[in-house]
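Below: one structure, written as structure tokens.
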Amino acid sequence: MCHPPPVAGCWHIRSSVLLRRMTAPADVEILRDAAIDVLCDASLSEVVDLVAYADGDSIVVANVDGAARLSRSTPDAPAEVIRGRDPVAWKDPLAFSTLVEELSDPSPPNERNSYPWAGERLASLFAAAAAPDIAVVHTGRHFWPERGGHPGEHGSLNVVQSRAPLILSGPAVTARGLLPLAARVPDVAPTLAWLSGVPLGELGDMDGQALVDVLAPHSGPVVGLLWDGCNSNSLYALAAAGRLPSVARLLDRGCAFAGGAIAEFPSVTLVNHTCALTGVGPGRHGIVNNAYYDRAEAVQRLTNDARTWHRWSEWLAPDIRTAFDRVDGPTVCINEPADSGATYSTMRLIRESGSSGGAGDMNSLLPDPATDPHTTKDFVGIKDYAWSSSVDAVGLTQMIDMWPSPSEAPKLTWWNVLLTDTGHHEGGPHSEVAHAAMRDADARLGVFLDHLDRMGMLDSTTFLLTSDHGSEGADPECRGDWDEALTAAGIPFRDEAYGFVYLGA
């Protein structure tokens, strides 16, 4: 979550005459068709997995090998193949759901990849006013450091980049072990709300569904944990090997979904933090990427940045409520932008401080990660690792402070951990730095679990641990830039967050 902000959307204009003329919807369609021809050319197949765009009542997905039309009203219906083969034909959410399977076929090509709930996820994106004219989906191998990319990446429609872990633990959990199940990130909010006492009948306005098949009604406290950017297979394997003992403690008292929780598209941070805490997709909550173009105001919205996280509610669509808004009782929201309705919120403290730079101005208040007992010292020389460690250390302090005694326990608590995303980006999901980040997060979780145990509350508290997306290793040899090809073709566009193409904006 704390990686550098995406590259600002820049104009790529070869012909100003073409730009002035291409303004009507029909003209945008002409530009779109020209852009699709460029993006689906074989010369870009190593970096462009597929493209998607709205076309009337349909969503069209296309790549070098084929194209298919998906219904927007019934996105789970069989696709109409336009040419070649359907680029999202395989939709199994359990594909590559073990570490052995993932590592044996790293970053598989489109024809061997899975795209769970592809139609539903794309239909949600393109229902938003700020959706792009074309969504370009990176291949899992694509490495683009020149535009802000990292050795570990996410954002794709594919299963590995989309799969967040999902662990349920505590007295409300009726199942045990690793289950051959998959959920979706919007299922998190209704599950937390229902566990916190909100009747199912009051959650029908959400897109997600409470995971009642593996849960029972519960009257004790509920804790939601989001370890940003975690690879599900890696997390489960490390816990099973004893390298994440606190996660293992949760698993001993509950279950994990092998297919995890599939992120909405794009599988990026602020889209899915919002999905997880509102229970609706981006087509309804309106935050469609970490950076996107607001056509109505003709401005870029840079949402996923330490300077802007506290302003999250400014970009949320009207009448969208969080899980905190629905729970009757005290609620706590730690280091999380999507905080509306929480009784206590880190981001509210930042807003009330009057700082124009948000969390970016709080560095002087952060502890030294080099002296933090839960930080892996081998990596404190990495700027982002050090900063995220300091933020997470403050998060742990807030968690302890917000649970002073059994009588003062919050009804619902949400704790967002940043360091795991930093580690996965820095080295890739199966690197030592990613593993270190998870071990640090696990150590901090252990402090909190011990705190609850001392108060006699551990056995009465239900936990949900998830993430906002998965992570996949990029190939340093897989380079290329579709922006250059679009520019060379004379197509005017802006590319936000590297993949959201707006034509003749």
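The values are calculated or read from the model by the stated rules, or taken from the named source; none is laboratory data. Predicted, not measured: the structure shown is a model, and the values here were computed from it. Neighbour counts run over all protein chains shown; Cβ positions are idealised from the backbone, glycine included. Each accessible area value is taken on the protein alone, full model and side chains, heavy atoms only, with ligands, DNA and RNA left out. Shrake-Rupley method; radii C 1.70, N 1.55, O 1.52, S 1.80 Å.
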Those helices of the chain passing the 30 Å axial Cα length cut-off and the mean Kyte-Doolittle cut-off of -1.0 (DSSP H runs only) are 432-454
A student applying the Cα gyration tensor rule (rounded when a/c is under 1.5; otherwise prolate if a/b is larger than b/c, oblate if not) would label region 186-272 oblate
Listed by chain and number, the lysines with an alpha carbon less than 28 angstrom from that of Lys411, same-chain partners under 8 positions apart left out, are none
Note: Glu408 to Ala34 extended length (0.36 nm per residue) minus current alpha-carbon separation gives 128.6 nm
Net charge (Lys, Arg +1; Asp, Glu -1) of residues whose beta-carbon lies under 12 Å from that of Ala95, Ala95 excluded, is -1
Among region 172-202, those whose backbone N falls under 12 Å of a label point 7 Å along Cα→Cβ from Thr343 are none
A chain fully extended from Asp105 to Ala241 at 0.36 nm per residue, minus the present Cα-Cα distance, gains in nm 46.8 nm
Total charge of the residues flanking Asn304 in space, meaning their Cβ is under 11 Å from its Cβ, with Lys and Arg +1 and Asp and Glu -1, is -2
Whole-percent carbon and sulfur contribution to the accessible surface of region 149-236 (1.4 Å, no ligands, DNA or RNA) stands at 56 percent
Expected sort for 447-460, 105-118, 129-142 on mean C-beta neighbours within 10 Å, highest first, is 129-142, 105-118, 447-460
Expected sort for 492-501, 175-184, 41-50, 261-270 on mean C-beta neighbours within 10 Å, highest first, is 261-270, 492-501, 41-50, 175-184
Result for region 66-192: accessible area per residue, probe 1.4 angstrom, in square angstrom, of 35 Å²
Labelled set [x] 69, 53, 42; [y] 84, 43, 40; [z] 69, 47, 44; Cα extents along the principal axes in Å computed from this model equals the value at [z]
FRET efficiency (Ala127, Thr174; Cβ distance; R0 35 Å; to 0.05) is 0.50
Surrounding charge for Ser124, neighbours by C-beta under 13 angstrom, Lys/Arg +1, Asp/Glu -1, total 0
The chain: antiparallel bridges as % of DSSP beta bridges, rounded to 5, reads 65 percent
One finds the C-alpha centres of region 424-452 and region 456-474 to be spaced, in Å, by 12 Å
Carbon/sulfur accessible area of region 310-380, % of total, 1.4 Å probe, equals 49 percent
